[in-house]
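Take a look at the structure below.
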């Protein structure tokens with residue numbers, strides 16, 4: 001094994017900088033005490049390195065290890081999760097700093113650091129993260145070079161690392177595209193693996209959707225084959241709620257899977273949805289979807305359900321009709337659509353019963369309710385006042401300000417109280433076309449809730465009470481509809497055109513990145529390879545192509561790396577000329593003879609030219625083996641060789 | 001048949017890896033591709049393990065960027081194989097000078113390392129007897145490396161097998177080659193440290209004893225050297241506090257001193273005799289005496305000077321070998 005000499009201070013600083021690049025994105029996610037300990041250990045190590053002091057004793061580190069283990073356990077209640085695993089890695093990394101006696105320990109640290117770079121991708125795989133980690137890999141690799149060539153300049157080592165990585169990129173691309181992909185996970189993931197994703201939830205209570213509306217995150221992207229429908233028709237259907245307990249709406253009984261039964265009119269819309277992970281099973285589609293994606297089913301209330309929770313970005317082709325009439329008259333559905341909590345909200349019940357008594361037809365009741373929302377001074381706001389026990393009464397007769405969930409909830413309550421089967425539908429309403437790549441972007445801020453009422457002869461019909469109270473919401477989006485003081489994501493409201501353009505460009509780039517890089521799934525791989533003319537891309541074929549591809553690339557690289565020098569250098573040329581001159585006179589330089597020996601022999605053989613020959617030898621040896629690179633000496637050497645006559 | 005088999009064996013990497021060059025190679029040694037070997041170091045194996053874990057993690061969590069990172073590092077490792085290999089291959093190593101040494105000293109074998117390629121060679125190390133000598137060679141330049149070897153006994157010392165290796169650029173791989181340059185270092189016997197003086201001159205133009213008697217002309221004074229006869233010390237100068245000085249007589253330069261194997265005590269062993277004679281040669285040369293050397297089977301007539309001293313030492317070094 002190689003010896004383990006001390007670490008130079010400059011290499012220590014470089015190593016710390018490259019580790020910092022890897023750990024930095026983790027710090028906001030780590031407990032504060034761990035950040036503090038890591039910072040303290042780093043400063044301690046710099047202090048020891050600068051003053052060339054001995055590293056602390058082992059027992060102190062053991063103390064830290066156990067302290068840290070307990071700390072991580074008490075913070076996360078486990079040490080085997082994803083987050084706690086990262087915390088432990090950071091802890092060990094910073095402790096290893098104080099046990100780093102020589103380059104061998106440093107290499108261990110760099111390998112750990114490579115691994116920690118990967119863990120960043122658990123949390124974010126965006127372009128900025130990728131860029132930062134690329135920089136981190138470059139600096140860590142330069143650190144490896146530092147310890148393998150400790151006498152070289154740092155800048156030269158960084159250049160070497162850059163060259164290595166640049167030459168690795170073609171091979172990496174082959175591996176990336178051809179390595180047979182397996183759909184993970186290979187085994188159960190820790191429970192916290194998918195925490196922290198935003199999206200609609202499987203219940204609806206006041207304030208839930210308005211909170212979601214403040215998120216700028218992208219829910220899904222849509223690529224229409226032809227012109228997209230106008231904005232007021234962009235209702236993206238999500239979870240449907242039947243059961244109301246006075247405050248919260250829930251799906252109610254498990255909806256059996258059904259078939260897509262409806263009568264469509266007008267031209268269908270064909271499009272492709274790229275859905276961001278939201279950790280639930282449902283898939284979104286424009287109302288109403290006329291086909292079911294693979295590995296999914298549809299419920300009787302027209303909700304598309306994937307077999308597994310959407311934990312990775314998924315892509316599916318869809319076809320929808322915006323003009324449709326449902327034909328579903330299952331009696332049990334109608335009964336569930338009349339459920340109301342026992343007691344509470346007496347004024348709303350009374351109002352609905354009055355309508356039912358005075359108005360003749362079902363549609364007249366619906367229209368009366370919508371008029372009520374339009375004319376009674378309702379305010380559409382993201383910050384409604386808190387509601388008490390009789391939330392519907394308080395909203396309808398008291399505060400009269402709320403977000404879409406308040407409108408949908410109270411509207412359905414009124415309909416049910418008036419004897420009309422009704423249900424709440426959540427999803428998204430709207431979407432912006434990105435002019436850069438023509439993808440429609442639907443954000444969490446487009447989250448919406450509306451109502452469906454069963455009308456005899458027409459089936460389930462969509463009514464949007466929010467649109468009655470605030471038509472702008474449906475026509476122009478939430479930013480235009482709510483008061484200017486409401487907290488919205490900055491970007492949703494900005495009127496700065498350049499900022500908007502910048503954002504569109506960035507979104508388009510991020511979308512490309514998602515589609516091409518992050519969305520490279522086993523299916524995509526098959527499609528991609530088939531489009532390249534690979535018949536039947538089985539894993540054997542891929543592995544074989546991969547093998548030959550990598551081998552071919554490496555062979556090319558070898559040929560290029562080991563290319564011979566084109567012209568020998570001037571010093572060597574002069575020397576060879578000198579050797580040739582003596583060789584013609586009958587004293588050639590034998591192959592094993594070093595320059596010094598040859599000159600001595602030649603000087604002895606030609607005493608008249610001995611001084612000149614020795615001068616040639618001295619200059620040649622100085623130029624070739626010495627450190628200096630002297631142009632004048634080279635000129636002298638050439639003149640001496642030229643004028644040599646033996 | 002046997003010869004063919006032998007030829008195939010010697011050309012194969014496998015054979016060379018295990019047995020290396022057995023005989024010294026005369027002339028410049030060219031590190032051709034066939035004789036440069038490469039394997040991962042222990043950190044290199046750890047790197048492979050880390051990559052495997054990273055790959056499994058990427059599959060399990062469906063991390064596209066995880067795949068990219070893992071594949072980038074794996075490709076970097078593959079590219080590094082080529083870089084490490086080319087850092088060593090195609091070097092020319094020429095034997096250089098070797099200065100004779102006395103037994104017990106360190107002999108330095110000088111090698112010229114020539115880089116005829118268009119790229120710099122970094123962090124090449126020459127290991128011999130557990131000691132590593134680092135060396136960097138810029139593109140189209142040469143460098144000299146001096147490889148130390150402890151000379152244990154007199155005679156010819158060959159460096160034997162030298163390992164040339166490098167871990168550049170990332171330290172996860174080691175390329176190496178064995179060389180055995182055709183060099184030898186003459187090792188003189190170690191001069192003994194007995195305090196016995198030189199033997200008395202015999203024969204020649206006059207006996208030393210006679211010279212000591214005062215018949216020769218006083219030639220001057222010089223600083224005292226160990227072994228000088230107490231009778232020649234200039235005691236008056238000592239009394240004046242001028243330090244020890246020895247009187248030199250003109251006749252001494254002409255006196256002939258025979259350093260004779262046979263005049264040493266009969267009980268002495270061969271190496272002890274050679275050590276004694278070596279010291280006497282050095283001392284006689286230092287004192288500017290004319291001395292001759294008589295060994296079994298070899299007689300060097302009395303003479304002075306550098307060439308004579310070297311000839312005597314060479315005979316002593318190679319006696320009986």
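If packing is taken as the average number of other Cβ atoms within 10 Å across a peptide's residues, how do A:500-511, A:201-212 rank, most packed first?
Values: A:500-511: 15.7, A:201-212: 18.2.
Result, highest mean first: A:201-212, A:500-511.
If R0 is 45 Å, the Cβ-Cβ spacing of residue A:555 and residue A:36 corresponds to a FRET efficiency of close to 0.30.
Between helix A:127-148 and chain A there is an angle of about 20 degrees, using the helix long axis and the longest principal axis of the Cα atoms.
Using the Kirkwood radius over Cα pairs, work out the Stokes-Einstein diffusion coefficient for segment B:23-115 at 20 °C and 1.002 mPa s, in µm²/s as a whole number. Walk me through the numbers before you get to the answer.
On the way: Rh = 17.1 Å.
Rounded, D is 125 µm²/s.
Peptide A:166-173 is shielded by partner chain Cβ atoms: per residue, an average of 6 of them sit within 10 Å of its Cβ. Note on A:146-156: average number of Cβ atoms from other chains within 10 Å of each residue's Cβ is 4. For segment A:506-646, the alpha carbon positions stretch 84, 38, 19 Å along the principal axes, listed from largest to smallest. Its residue count N fixes a reference of 2.2 N^0.38 Å for segment A:9-178, and the Cα radius of gyration divided by that reference is 1.08.
Placing dummy labels 7 Å off each Cα toward the beta-carbon, the span from residue B:45 to residue A:506 is 4.8 nm. Rounded, prolate or oblate: which fits segment A:208-493, taking a ≥ b ≥ c as square roots of the Cα gyration tensor eigenvalues, rounded meaning a/c under 1.5, else prolate when a/b beats b/c? Oblate is the answer for segment A:208-493, as a/c is 1.5 or above yet b/c matches or exceeds a/b.
How high is the FRET efficiency between residue A:580 and residue B:33 when r is their beta carbon distance and R₀ equals 30 Å, given to the nearest 0.05?
Values: r = 29 Å, r/R0 = 0.96.
After rounding, the FRET efficiency stands at 0.55.
Sorted from greatest to least, the principal axis extents spanned by the alpha carbons of chain A come out as 136, 61, 48 Å.
Give the peptides B:282-292, A:600-610 in descending order of average Cβ contacts within 10 Å, highest first.
Values: B:282-292: 18.8, A:600-610: 15.0.
Descending mean neighbour count gives B:282-292, A:600-610.
Classification of segment A:76-148 by its C-alpha gyration tensor yields an oblate form. The axis ratio a/c (a ≥ b ≥ c) is 1.5 or more, and b/c is at least a/b. Calculated mean residue ellipticity at 222 nm for chain A: -15500 deg cm²/dmol, from DSSP H runs with n ≥ 4 weighted as -39500 (n - 2.57), summed, divided by the residue count and rounded to 500.
Placing dummy labels 7 Å off each Cα toward the beta-carbon, the span from residue A:456 to residue A:300 is 2.1 nm.
Put a dot 7 Å past the Cα of residue A:563, heading toward its Cβ, do the same for residue A:635, and the two dots end up 3.3 nm apart.
Counts of other chain beta carbons within 10 angstrom of each beta carbon in peptide B:110-121 average 3. Structural descriptor for chain A: relative contact order 12 percent, calculated from alpha carbon pairs under 8 angstrom and at least 6 residues apart. Is the C-alpha gyration tensor of segment B:39-81 telling us rounded, prolate or oblate? Criteria: a/c under 1.5 is rounded; beyond that, a/b larger than b/c is prolate, otherwise oblate. Verdict is oblate for segment B:39-81. Shown here: segment B:19-175, whose C-alpha atoms stretch 69, 33, 24 Å along the first, second and third principal axes, sorted largest to smallest.
Among B:136-144, A:37-45, sorting by the average number of other beta carbon atoms lying within 10 angstrom of each residue, highest first, gives B:136-144, A:37-45.
Read-outs throughout are calculated quantities, based only on the coordinates presented, and are distinct from any laboratory measurement. The shown structure was predicted, so the numbers you read here are calculated from the model rather than taken from an experiment. Neighbour counts are summed over all protein chains in view; Cβ atoms, including those assigned to glycine, are modelled from backbone coordinates with ideal geometry.
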